[in-house]
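Here's the structure we're looking at; comments come further down.
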Amino acid sequence: MIERSRLRALVRTLLDLAALGAALAFLVSYFPASVMLSTTTTNGGDMASHVYAAAYLRDVLLPHGRVTGWCPGNYCGFPLFQFYFPLPFIAIALASYVIPFNVAFKLGTQLGTFLLPVCAYLSLRFAAVPFPGPTLAALGTLPFIFMEANSMWGGNIPSTLAGEFAFSLGTALAVLFVGTLRHTVDTRRGHAWNGLLVALIGLAHGYTLLWAGFTSLAELVSLRGWWRRMGTLVAVHGLAILLLGFWLVPLLAYTPWTTVYSYVWIINSWREIVPPILWPAAIVAVVTALAVGVVALVKREPYPRVLATLWAGTLLGIVFYFTAHTFHVVDIRFFPFLQLGLCLTAAAGLGYLAGRLPAPEIWPVVGACAILPFVQSHVSFIPSWINWNYSGFEKKVPWPTFRDLNAYIRGDFRDPRVVYEHSPDHEALGTVRAFEDLPLFSGRATLEGLYMQASPTAPFVFYVQSEISNVNSCPFPDWGCARLDFDHGVDHLRMFNVSQYIVRSQQAKAAAAQHPGLELKKRVGQYEIYRLKDNDGRYAVPLAVAPALVVTPDWKSAAYRWFKSARPDDPVPVFAESVSEEEKRIFPLVYADLPREIPRQPLAGPPALEERLETDRITVTGCWPGHPVLIRISYHPRWKATSGERVWLAGPSFMLVFPKGERIELYFDGDWPVTLGHLLTAAGCVILLAGVLPVRRRVLEALRPVLDLPPIPAAAALVLATGRWRGRTRGAVLGAGLAAVAVVFGLAAVAARASDADGTYRRGEALYGAGRFAEAVPFFERARRLAPLSMSAILSTYFEGMSLYRQERWAEAAQVFTDLVTTFPEAQAAAESMYHLGLCRARLGNQTGAIEAWRDTEQSYAGTPWAKYAGERLAEVAAKGTGG
């Protein structure tokens, strides 16, 4: 009998290894060694822009013993990895010391993909799911990994190729944590290792950390050993928070200096969430969950804990989708947990059922024979995407053009910045975001970059992009953009210390050739490079007119309004939320609200300055005491002056200093959040080492009462002091807690949908598209109120006007069109709105007003179709007048 049991265990182990090997081999077959091991530079989607970050970490930050730090390459400088997730980049950078960097990057970006089957297997093994559940989990991740229904949500291969490889790694580790936590609760061992695992999940991706943390709360849904479970969670997550301190505390403390991305993804069909490749998993998950429940009921056994936990994690994906906007995170990033959860719950359910059947050893074979061909039959574009991304920039047909262009502008971050026209035609180079890698290929700093939420300068950068591009991206729903407008755009480029402009479209080339502030210097393939005239190329600029202090808690909206019409020589607003009376006295002008126009007060001088830039240090000499110096680098509270001057936030989002002497030296260094974070991490490391290293028995025995004592909240202590913590009392408290959590999430969901300008606009747009104009108007009105400076406000104003126009409510439509051309004269929709304003006035019998609107359309929006239509209407008016 013993030999038979050993033989069965051996067979199952071999089947596990074979199935796991089959899953990994299936994955490997889609990643050709010829591209994965070549030393070309990865391109494609957002992926290409991550290469520079990994290289900067390896070459600049790690040699100085840092994981986060100032990066001057994009957005006028920003704190790299303070608001993004460093773990996969650390793995890539460390691997690059052994293998070529570009090979390390390619392999590192797919680390999460290949770990997911392994982590799924180990998770269910740790959770004691019966054979063949763990084996089926490894195979069951493949439909999710190869799902082609989306390429932005995360976890699957298309999303990873689009740049979401940090999410993929965090997902794999989070799945592992579900099982290891269950093992720790059961065995009371491994608290320290689980704490480390949660910390790694957090460093891999924030969304996976949220999911892992909330899923772990399912352990509290129990009437037995509740305080022990609570103690386990406190110990594990407490240690994780300590270990994450060096990164987490600064992230939370400096969140106000980011730019919120509040896009809401509208789901039009359940098939988007559960595409056909996941249908078998979804059906099996539901059927086995019910079957396991019936078996447990019949045999009077408890429902399997891990299966319940997996279902809780699966359903959390839906909960987070509806509440994400409240917490300023992207809602769609949580649906992958629902999709993957269906695969894992199906595997776990089959494990509990198949383990009761005769010859369960047959099921891994059945699973492999069913899943592998099924997945392969649903794969279409993934192989071509893999080849496109990992063959690299150097293998693309236009590579000589891109190479020569970077060679022509070569320099370093100390040189003035380079900017480029946004164009879909860049895709031929390898990605539409190819020029975000100018710091990597040419050494020069540019404006745009991938980590747009990490900088307060991002809205201004994309506003400039819209002024110098025939087609703009305008990625932030909360911030509007302009149309092609070189008159303002070139001045804004000077404000950003840009010396060269790269052009691709014929429209932008024609506009650039006619602008007196630009000089064509070189043509490279389909691209033209222009030099900005009259740009001094300095980052430290002594002001010629006095700055004005604006004391306001909403500096970014004020700066945005000022920047839209600002010129390089205009007075600069300086923003502060609170100032002392002494600080106010250094400003000749102080306002509570930004005025429409800041009065000019000329200053003496200005002095001739010399500047020296390092990656995280700026030295300016030749200053005059008290004469303001504008530093055209993004503001961040971690910038400090060695001689104690206050570093002010100046428009649009630069720094300004009033020197105390003839020299200014600014450095990017720690502040109290950084110091506190490092102390917490140091404490966490000590606790981790104490938890995983062997210690003397008597020391352990002395600490055991403390380590084993879970924290007891005051309410629970009162219950224990007054009587037994009876099952009925525990059930009541537990039920009240779950109800409170449900209420909180429900209110968050309602608040999220109620305060979402972009989603509100798109609901109105859907009604407009259906011809339900009267119903659409309230949605557009609400969206305008929710975010008055946003792209959603621009579009809502336009569609509100058109909705009223379609209902022949001429006076109301005229007022809305007037609002748009007055508030957003730079918008793409302004020309059409001005033209329709003329039509409304004509319908109201105001012929003079109509002629005025059409003439404004011709003059202000020349070259647009609406200027042509306005000319036709004016000709009709003239013909009628002649005929009369």
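Close contacts from segment 286-309, counting a first residue that is in contact (Cβ under 8 Å) with a residue 24 or more places away in the chain and a second that is among the acidic types (Asp, Glu) and assigned to a loop (DSSP other than H, G, I, E, B), with Cβ to Cβ under 9 Å and a gap of 6+ residues or different chains, come to Val295/Glu301.
For segment 749-771, name all the residues that are open to solvent by 50 Å² or more (accessible area, probe 1.4 Å) and either assigned to a helix (DSSP H, G or I) or at pLDDT 95 or above (or both). Residues satisfying the conditions are Val750, Arg753, Arg763, Glu765, Ala766, Gly769. Quick one: count up the residues across segment 785-794 that are over 21 Å from the mean Cα position of the chain (by Cα) and buried (at least 24 other Cβ atoms within 10 Å of the Cβ). Going through segment 785-794 one residue at a time, the tally reaches 2.
Do we have Pro398 as at pLDDT below 95, at negative phi and out of contact with any Pro (no Cβ under 9 Å at 6 or more places or on another chain) here? Against the criterion (at pLDDT below 95, at negative phi and out of contact with any Pro (no Cβ under 9 Å at 6 or more places or on another chain)), Pro398 does not qualify. Confirm whether Ala25 is among the small types (Gly, Ala, Ser) and surrounded by fewer than 23 Cβ atoms within 10 Å (Cβ to Cβ). Considered against the rule, which asks whether it is among the small types (Gly, Ala, Ser) and surrounded by fewer than 23 Cβ atoms within 10 Å (Cβ to Cβ), Ala25 comes out as yes.
Restricting attention to segment 186-205, and to residues there that are small (Gly, Ala, Ser) and open to solvent by less than 20 Å² (accessible area, probe 1.4 Å), which single residue is farthest from Val175 (Cα to Cα)? Looking at residues that are small (Gly, Ala, Ser) and open to solvent by less than 20 Å² (accessible area, probe 1.4 Å), I get Ala192.
Let's see how each residue does on (1) open to solvent by less than 10 Å² (accessible area, probe 1.4 Å); (2) more than 19 Å from Ala458 (Cα to Cα); (3) within 18 Å of the chain's Cα centre (by Cα):
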residue	(1), (2), (3)
Thr42	yes, yes, no
Asp46	no, no, yes
His50	yes, no, yes
Arg58	no, yes, no
His64	no, yes, no
Gly69	yes, no, no
Pro72	no, no, no
Tyr75	yes, no, yes
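For segment 584-591, does any single residue satisfy the condition of being touching a helix residue (DSSP H, G or I) at 6+ places or on another chain (Cβ under 6 Å) and either part of a helix (DSSP H, G or I) or open to solvent by 10 Å² or more (accessible area, probe 1.4 Å) (or both)? Scanning segment 584-591 turns up at least one residue that is touching a helix residue (DSSP H, G or I) at 6+ places or on another chain (Cβ under 6 Å) and either part of a helix (DSSP H, G or I) or open to solvent by 10 Å² or more (accessible area, probe 1.4 Å) (or both).
Does Pro88 meet the test of being surrounded by 24 or more Cβ atoms within 10 Å (Cβ to Cβ) and either aliphatic (A, V, I, L, M) or out of contact with any strand residue (DSSP E or B) (no Cβ under 7 Å at 6 or more places or on another chain) (or both)?
In short, yes.
Hey, among Pro383, Pro373, Pro360, which residue is in contact (Cβ under 8 Å) with a residue 24 or more places away in the chain and out of contact with any Lys or Arg (no Cβ under 9 Å at 6 or more places or on another chain)?
Values: Pro373 fails: in contact (Cβ under 8 Å) with a residue 24 or more places away in the chain; Pro360 fails: out of contact with any Lys or Arg (no Cβ under 9 Å at 6 or more places or on another chain).
Result: Pro383 is the single residue among Pro383, Pro373, Pro360 that is in contact (Cβ under 8 Å) with a residue 24 or more places away in the chain and out of contact with any Lys or Arg (no Cβ under 9 Å at 6 or more places or on another chain).
Residues satisfying the criterion are present in segment 236-249 (criterion: open to solvent by 10 Å² or more (accessible area, probe 1.4 Å), of a type outside the set (D, E, K, R) and without any contact (Cβ under 8 Å) to a residue 60 or more places away in the chain). Looking across segment 321-334, the residues that are open to solvent by 10 Å² or more (accessible area, probe 1.4 Å) and assigned to a helix (DSSP H, G or I) come down to Tyr321, Phe322, His325, Thr326, Phe327, Arg333. Exactly one residue out of Val286, Val234 is under 18 Å from Gly140 (Cβ atoms) and assigned to a helix (DSSP H, G or I): that is Val286. The set of residues from segment 154-178 being more than 12 Å from Leu87 (Cβ to Cβ) and not hydrophobic (A, V, I, L, M, F, W, C) comprises Gly154, Gly155, Asn156, Pro158, Ser159, Thr160, Gly163, Glu164, Thr171. Evaluation of Ala54 against the conditions (1) touching a helix residue (DSSP H, G or I) at 6+ places or on another chain (Cβ under 8 Å); (2) open to solvent by 50 Å² or more (accessible area, probe 1.4 Å); (3) assigned to a helix (DSSP H, G or I) shows that the sole unmet condition is (2). In segment 766-784, the residues that are under 12 Å from Thr797 (Cα atoms) form Cβ pairs under 7 Å with partners that are surrounded by 18 or more Cβ atoms within 10 Å (Cβ to Cβ) and among the aliphatic types (A, V, I, L, M), at six or more places apart or across chains, as follows: Ala776/Leu767; Val777/Leu804; Phe779/Leu767; Ala783/Ala757; Ala783/Ala793; Arg784/Ala793.
State whether the residues of segment 729-748 include one that is at pLDDT below 50 and either buried (at least 18 other Cβ atoms within 10 Å of the Cβ) or of a type in the set (Phe, Trp, Tyr) (or both). There is at least one residue in segment 729-748 that is at pLDDT below 50 and either buried (at least 18 other Cβ atoms within 10 Å of the Cβ) or of a type in the set (Phe, Trp, Tyr) (or both).
Within segment 528-546, the presence of at least one residue that is of a type in the set (A, V, I, L, M), open to solvent by less than 10 Å² (accessible area, probe 1.4 Å) and more than 28 Å from Tyr591 (Cα to Cα) is confirmed. Considering only segment 426-435, I want to know if a residue exists there that is within 29 Å of Asp616 (Cβ to Cβ), among the basic types (Lys, Arg) and modelled with pLDDT of 95 or more. Taking every residue of segment 426-435 in turn, at least one turns out to be within 29 Å of Asp616 (Cβ to Cβ), among the basic types (Lys, Arg) and modelled with pLDDT of 95 or more. Filtering Pro304, Pro280, Pro358 for residues that are more than 25 Å from Arg8 (Cα to Cα) and either open to solvent by 40 Å² or more (accessible area, probe 1.4 Å) or not β-branched (Val, Ile, Thr) (or both) leaves a single hit, Pro280. For segment 777-817, a residue qualifies if it is outside any helix (DSSP H, G or I), of a type outside the set (D, E, K, R) and closer than 16 Å to Arg843 by Cβ, and exactly one does: Gln807.
Among residues of segment 1-14 that are under 15 Å from Ala359 (Cβ atoms) and of a type in the set (Val, Ile, Thr), none has a Cβ under 7 angstrom from a residue that is at pLDDT below 90 and open to solvent by 100 Å² or more (accessible area, probe 1.4 Å) at a sequence gap of 6+ or on a separate chain. For segment 122-152, the set of residues classified as of a type in the set (D, E, K, R) and over 17 Å from Leu24 (Cβ atoms) consists of Glu148 only. With the checklist (1) open to solvent by 10 Å² or more (accessible area, probe 1.4 Å); (2) touching a strand residue (DSSP E or B) at 6+ places or on another chain (Cβ under 6 Å); (3) within 28 Å of Thr68 (Cα to Cα) in hand, flag the one item Lys509 doesn't pass. Only one criterion is unmet by Lys509, namely (3). For segment 515-527, taking the residues that are touching a residue at least 12 places away in the same chain (Cβ under 8 Å) and in contact with a helix residue (DSSP H, G or I) (Cβ under 8 Å, 6 or more places away or on another chain), the one that is most open to solvent (accessible area, probe 1.4 Å) is identified as Gln526. Filtered by the rule that a residue be in a loop (DSSP other than H, G, I, E, B) and either touching a Lys or Arg at 6+ places or on another chain (Cβ under 7 Å) or surrounded by 20 or more Cβ atoms within 10 Å (Cβ to Cβ) (or both), segment 547-583 gives Pro547, Ala566, Pro568, Pro571, Val572. Exactly one residue out of Tyr97, Tyr121 is open to solvent by 10 Å² or more (accessible area, probe 1.4 Å), out of contact with any strand residue (DSSP E or B) (no Cβ under 8 Å at 6 or more places or on another chain) and in a helix (DSSP H, G or I), and it is Tyr121. Out of the residues in segment 374-397 that are more than 24 Å from Ala33 (Cβ to Cβ) and not small (Gly, Ala, Ser), which is surrounded by the fewest Cβ atoms within 10 Å (Cβ to Cβ)? Filtering segment 374-397 for residues that are more than 24 Å from Ala33 (Cβ to Cβ) and not small (Gly, Ala, Ser), the one surrounded by the fewest Cβ atoms within 10 Å (Cβ to Cβ) comes out as Phe374.
The values are calculated or read from the model by the stated rules, or taken from the named source; none is laboratory data. Everything numeric in this text was worked out from a predicted model, so none of it was measured. Virtual Cβ from ideal backbone geometry, glycine too; neighbours counted across all protein chains shown. Side chains included, ligands, DNA and RNA excluded: accessible areas come from the protein's heavy atoms. Shrake-Rupley method; radii C 1.70, N 1.55, O 1.52, S 1.80 Å.
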